[in-house]
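Notes follow once the structure below has been shown.
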Amino acid sequence: MTEVTLNGNESLEKVNPLIIKIIAMLLMAVGMYFSVSLLHWTITNKLSHVQIIETNKITAEFRERQLGCLAKNIYHEAGREPFEGKVAVAQVTLNRTESGQFPGDVCKTIYQKNMIYEKMVCQFSWACDRDSLNRPLNKEAYNESMEVAKKVLLEGFRLPSLQHALYYHADYIDPGWKKEKITKIGHHIFYK
């Protein structure tokens, strides 16, 4: 038994140590609940604030830059593919920007580079090829790529089968991925 006192002099009563531990645990649980609630509120409000800032950054200049990056990516990745193949590449690019696993900006997603085993690897292989960074050589293929970019980015055109696709590769390579295969369109195989 423990004696609890007020103001150092007055004795309230003898209290069982088990009751003191239970009260301490309850107070700690209540404190943790309020801490977690506060943390959740802070994160939610901070993220909604970030979303508002991102939405406010969309200007005509920003949209044109995003459109140009997407058209170049379509051109280099699927320039010789049919319409559906071009849309598929554009859609994977946008799926990535919306996934939270890649930058939330089309251009930053396309030009993202990672170090893997001390080697620089690009998300889209053409972005690591200096020759590809020049102006497109086939104007007709680039114009088609720009039309697809407009349809996908500005009009929201999507292929339902690729709603969750984040990855693809050409059908003539085997990267050995352990990802779930979705479909094959043209010369590309798409994965979740």
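The values are calculated or read from the model by the stated rules, or taken from the named source; none is laboratory data. This one's a predicted model, so the numbers in the text were calculated from it and none came from an experiment. Virtual Cβ from ideal backbone geometry, glycine too; neighbours counted across all protein chains shown. Heads up: the accessible areas ignore ligands, DNA and RNA and are worked out on the full protein's heavy atoms, side chains in. Shrake-Rupley method; radii C 1.70, N 1.55, O 1.52, S 1.80 Å.
What the table shows:
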quantity: For Asp174, solvent-accessible area (1.4 Å; no DNA, RNA or ligand), Å²; calculated: 140
quantity: For the stretch 95-107, 3J(HN,Hα) per residue [Karplus equation, 6.51 cos²θ - 1.76 cosθ + 1.60, θ = phi - 60°, Hz, x = Gly/Pro]; calculated: 4, 5, 5, 8, 7, x, 8, 10, x, x, 10, 4, 5
quantity: Whole-Hz ³J(HN,Hα) from phi, Karplus 6.51 cos²θ - 1.76 cosθ + 1.60, for the stretch 112-123, glycine and proline x; calculated: 5, 10, 10, 9, 10, 6, 6, 10, 6, 10, 9, 4
quantity: Extended-chain gain in nm, criterion 0.36 nm per residue less alpha-carbon gap, Gln163 and Ser125; calculated: 11.4 nm
quantity: Net charge over other residues, Cβ less than 10 angstrom from the Cβ of His188 (K, R count +1; D, E count -1); calculated: -2
quantity: Ile23-Asn114 pseudo-label distance in nm [points 7 Å out on the Cα-to-Cβ vector]; calculated: 5.4
quantity: Nitroxide proxy distance, nm - points 7 Å out along Cα→Cβ at Val30 and Lys139; calculated: 7.7
